1. Ordered by residue, what ³J(HN,Hα) values in Hz, to whole numbers, does the stretch 168-183 give under the Karplus form 6.51 cos²θ - 1.76 cosθ + 1.60, where θ = phi - 60° and Gly and Pro are x?
2. Each residue of the stretch 152-167 in turn: what ³J(HN,Hα) in whole Hz from Karplus with 6.51, -1.76, 1.60 and θ = phi - 60°, glycine and Pro shown as x?
3. With +1 on each Lys and Arg Cβ and -1 on each Asp and Glu Cβ, how big is the dipole of the stretch 200-241 about its Cα centre, in debye rounded to the nearest 20?
4. Which of rounded, prolate or oblate describes the stretch 112-213 when judged by the alpha-carbon gyration tensor and an a/c cut-off of 1.5?
5. So who's got an amide H within less than 5 Å of the one on THR157, skipping anything under 5 residues away but keeping other chains? H placed 1.01 Å off N, in plane.
6. Under a 5 Å amide H to amide H cut-off, with H placed in plane at 1.01 Å, what residues pair with ALA100 once short-range neighbours are removed?
Amino acid sequence: MPDPAVLRPLAPSVSRVRDALLGGRRNLQADRDLADLLELRFPGTARAALEARAFASRAVTWCARQGIAQFVIPEPGLPLPGGAAEAARAVIPGARVAYAVTDVSETGYARREAAGDDATAAVVGISAGDPAGLLADPALLKVIDLGEPAAVVLAMTAHLMPGEEAAAMVAGFASALAPGSALVVSAWVPPGPGAGRLIAACAPAARLFRHTVPDIEGWLSGLDLVKPGVTDVRGWRAGMPEPRLRPRPDAMTAGAVARVLPSR
């Protein structure tokens, strides 16, 4: 657990609310209250968070099965059981992982996760919105070799920034990664009329931005989209049996995996 002195702020944060929705313990009462409110007003919010995490784990499992053995994970929140790092190491036990943490309440935990582990790094204070800064950080470079294929897991990150910033984030990582690398991207894609209400409800923790499936496809143009392309994360299976999906009236999460192609 983080030092209680670090947890004095009472305002909820996006990473800690996500932690609460996923059943974690690294959150405050304000985060749990907002998570409960979201579930009350938008039933299925916690399930959607679990489904988004499950997609990231499936996508990372796919990447590891392709031989990718290093992962950069600058997603909101820190790892929980069943997360991306655990999925990677279930396939490649020695997989190298670099987290990026910007929430001050999580820095202590992140550093403890990396302490004494030569295959894990914690980058503090640099977000996914700064790909160049993140990939140049000395802590990351101790475990990640950018000359070799790596997977960057941008799960549930793009809807925290405007479209042009999300596009620049994806392009920045894609241009810096070695051929054969992969980008895992997922974002909230609201198809229904309840989107505005959900944006307002989340305002105490984060400002959300609306994106569409064509937006995400545009960010990934020039990369090799893994089938089935950009889709509801519940149905992204990459060859595994696909479940029968019920449409969601208010919101869904879309995701994709794309490979970095060799330069011509």
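1. The phi angles translate into 5, 4, 4, 5, x, 5, 4, 6, 9, 8, 6, x, x, 6, 9, 10 Hz.
2. For the stretch 152-167, the Karplus curve yields 9, 9, 9, 8, 6, 10, 5, 6, 8, 8, x, x, 5, 6, 4, 4 Hz.
3. Working: 5 positive and 4 negative charges, 36 e Å.
For this selection, approximately 180 debye.
4. Prolate is the answer for the stretch 112-213, as a/c is 1.5 or above and a/b outweighs b/c.
5. SER186
6. ILE73, GLU75, VAL123
Each value in this text was obtained by applying a stated rule to the coordinates, not by laboratory testing. Worth saying up front: this structure is predicted, and the values here are computed from it rather than measured. Virtual Cβ from ideal backbone geometry, glycine too; neighbours counted across all protein chains shown.
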